[in-house]
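The values are calculated or read from the model by the stated rules, or taken from the named source; none is laboratory data. Predicted model only: the values in this text are computed from it and were never measured. Don't worry about glycine lacking a Cβ; one is built from the backbone with ideal geometry, like all the others, and counts go over all protein chains shown. Note: accessible area is taken over every heavy atom of the protein model, side chains too, but ligands, DNA and RNA are not part of it. Shrake-Rupley method; radii C 1.70, N 1.55, O 1.52, S 1.80 Å.
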Amino acid sequence: MSLWDRLNSVFKSRDEFDLTSGDIARPLFYLSLPIVVTNLLQTAYNLADTFWLGQFSTNALAAISFAFPMVFLLIALGMGLSVAGSVLVAQHTGAEEESEAEYAASQTVTFSLLGSLLLGAVGYLLVGPFLDLLGASPEVLPLATDYMQVISLGLPFMFGFFVFVALMRGYGDTITPMLVMFGSVVLNIAIDPILIFGFEGNPLFTMLGLGGLQSQLFAATGYTGSGIQGAAIATVFSRSLALVVGLYIMFGSARGVQIRLSQMRPDFEFFRRLLAIGVPASIEGTGRALSVNLLLVVVGMFPTTVVAAYGIGVRVFSVIFLPAIAVARGVETMTGQNIGAGEEARAEKAANFAAIAMFVILSLAGVLAYVGATPIIAVFTDDPEVIRVGADFLHWVAPTFGFIGIMRSYTGSFRGAGETLTSAAISVLMLGVIRLPFAYFASQSWGYDSTGIWMAFTVSNVAGAVIAYLWYRRGTWREGSLTRRAPADD
């Protein structure tokens, strides 16, 4: 069997499974598996930056710990439109209304790109005051500012690719975004260390035993690297190429949902329909981002080693949760398409199955993370204090990984039903009302100890799962419907 045949046996296209009838587990698996890989590749951007900047300096590592929450906030402010587009495409696809799905996708691309231009400009102008407000130290602030200024300028390209992924997912095609992301990540990993270190003293060449080539390249170019700014340039450049490929696919191929230039003229009546779903989704994403930022203010009260350990821990955290996020997106699509097809009972079965499966899988992952906490953190830094604090973080959080799977599964179903306000409320309760206050008071009251912050993750993860489950059982999500129809431009 050839490699391509083996890949085809693992990943199934939308034409090979039906989301609105038959078995639940198989289509959810085939829908979610490429999302897991896509999100893993997405995380590879952050992990590559973390690894190479960890080799560069501890201050650079702490700088991206401050920069990442701002990136998260900017994207979260605009992500509501992509969620709305994905939900509408899913519901129209389930109802077999192809022209309406294409119109929704075309309008989503238009308004998302316009919104990201505005957010990027605002982010660039406010990056300094924002990072200073978070409490970045004088030696870390300039580095974080350099990184975020480049990211802000490249935000339309970065966000545009996220929109492409969301629209294709709503249609039921998760393989195409995975393949595009793969090419983008390979490019990013290849150029990241070069743009950070240049050719002189580049650890990549040392690892590969290519010292002679390194000397020749340095002699020819004299390039000494751009430090932390180089990491940002690598990310923006890679995402820009991914967006170009994504637009080509949606404009000119037969894969996934199509967009049409004639339907991209701004329709502000449709924009209001997008906002009806998208604003609560943005509130959810923004609430998450603000909680991360405000939590970083609490973390910033401690030494730089704690900030660096927190940055590493959050990135490890994000890798562990890739299956939960992917399955939640799969449940979102299955719920949207089944509601469009009038199969609400099947949507409920998908959410319940996903919650149970994710609890089991992530609990097992938590056991592995708990046992291997120290060597996991040591991959990213050789600072013994950072390793000690980071391992303590994982020891507190790992036992509750399974509860995140429960919460994500049910909030994904809420979003697919168009109940984005409910999903937002659960996130705000978990992060803003429970985690943030607990982290502040526990860390400040119990001997000024960062352990109080890690305990807040444990408490809020369990509480979030309980709240999501009880709310889902109320059945209000069943009121989601395909009422936001769009005119098709034939």
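In table form, for the structure just shown:
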| read-out | value |
| --- | --- |
| With every protein chain in place, the chain: carbon and sulfur % of accessible area (1.4 Å) | 67 |
| GLU96-LEU208 FRET efficiency (beta carbon distance; Förster radius 56 Å; 0.05 resolution) | 0.60 |
| Using alpha-carbon coordinates, inclination of helix 401-416 to the longest axis of the chain, degrees | 40 |
| Protection-proxy order for peptides 325-332, 381-388, each taking the mean of Cβ atoms within 10 Å per residue, highest first | 325-332, 381-388 |
| Debye log10 I(q)/I(0) at q = 0.19, 0.27, 0.30 Å⁻¹ for the stretch 295-336, Cα point scatterers | -0.64, -0.84, -0.93 |
| The stretch 279-478: relative contact order as a whole-number percent, Cα under 8 Å and 6+ apart | 29 |
| For the chain: relative contact order, % (alpha-carbon pairs under 8 angstrom, 6 or more apart) | 23 |
| Calculated FRET value between LEU368 and ALA25, using beta carbons and R₀ = 22 Å, to 0.05 | 0.40 |
| Amide proton proximity set for VAL140, modelled H, under 5 Å, gap of 5+ | none |
| Rounded FRET efficiency, nearest 0.05, which uses the C-beta distance separating TYR469 from VAL297 and R0 of 30 Å | 0.45 |
| J(HN,Hα) series, the stretch 148-154, from Karplus relation 6.51 cos²θ - 1.76 cosθ + 1.60, nearest Hz, glycine and proline x | 6, 5, 5, 4, 4, 5, x |
| Spacing of the two label points (7 Å from each Cα toward its C-beta) at SER445 and VAL186, in nm | 5.4 |
| Charge dipole (debye, nearest 20) of the stretch 279-478; +1 at Cβ of Lys and Arg, -1 at Cβ of Asp and Glu | 500 |
| Relative contact order of the stretch 23-266, pairs being alpha-carbon contacts under 8 Å that are 6 or more residues apart, as % | 28 |
| The stretch 158-312 - Rg (one decimal) and Dmax (whole number), Cα, Å | 21.0, 62 |
| Cβ crowding within 10 Å averaged over residues, with 228-234, 281-287 ranked highest first | 228-234, 281-287 |
| Distance cut-off 20 Å, percentage of C-alpha pairs in the stretch 242-386 lying past it | 71 |
| Surface accessible to a 1.4 Å probe, per residue, for the residues of the chain, Å² | 39 |
| Cα centroid of the stretch 151-168 to Cα centroid of the stretch 300-368, whole Å | 21 |
| Among ALA347, LEU364, VAL279 the positive-end extreme of the charge dipole of the stretch 279-478 (Cβ point charges) | ALA347 |
| Cα-centre dipole for the stretch 23-266 with unit charges at Cβ (Lys and Arg positive, Asp and Glu negative), debye to 20 | 180 |
| Dipole of the chain, positive end: most advanced residue of SER443, LEU73, MET250 [Cβ charges, Cα centre] | SER443 |
| Size of the stretch 279-478 as Cα extents on the principal axes (Å, biggest first) | 56, 29, 22 |
| Degrees between helix 304-320 axis and first principal axis of the chain (Cα, 0 to 90, nearest 10) | 30 |
| Cα centre as origin, Lys/Arg/Asp/Glu Cβ charges: the chain dipole, Debye | 540 |
| Alpha carbon convex hull of the chain, projected area averaged over orientations, nm² | 23.3 |
| With Cα atoms, 0 to 90° folded angle of helix 211-221 axis to the chain main axis | 80 |
| Viscosity 1.002 mPa s, 20 °C: Kirkwood-radius Stokes-Einstein D of the stretch 23-266 over Cα pairs, µm²/s | 111 |
| Loop-located chymotrypsin sites (Phe, Trp or Tyr not before Pro) in the stretch 423-461 whose Cβ has at most 13 other Cβ within 10 Å (DSSP) | TRP446, TYR448 |
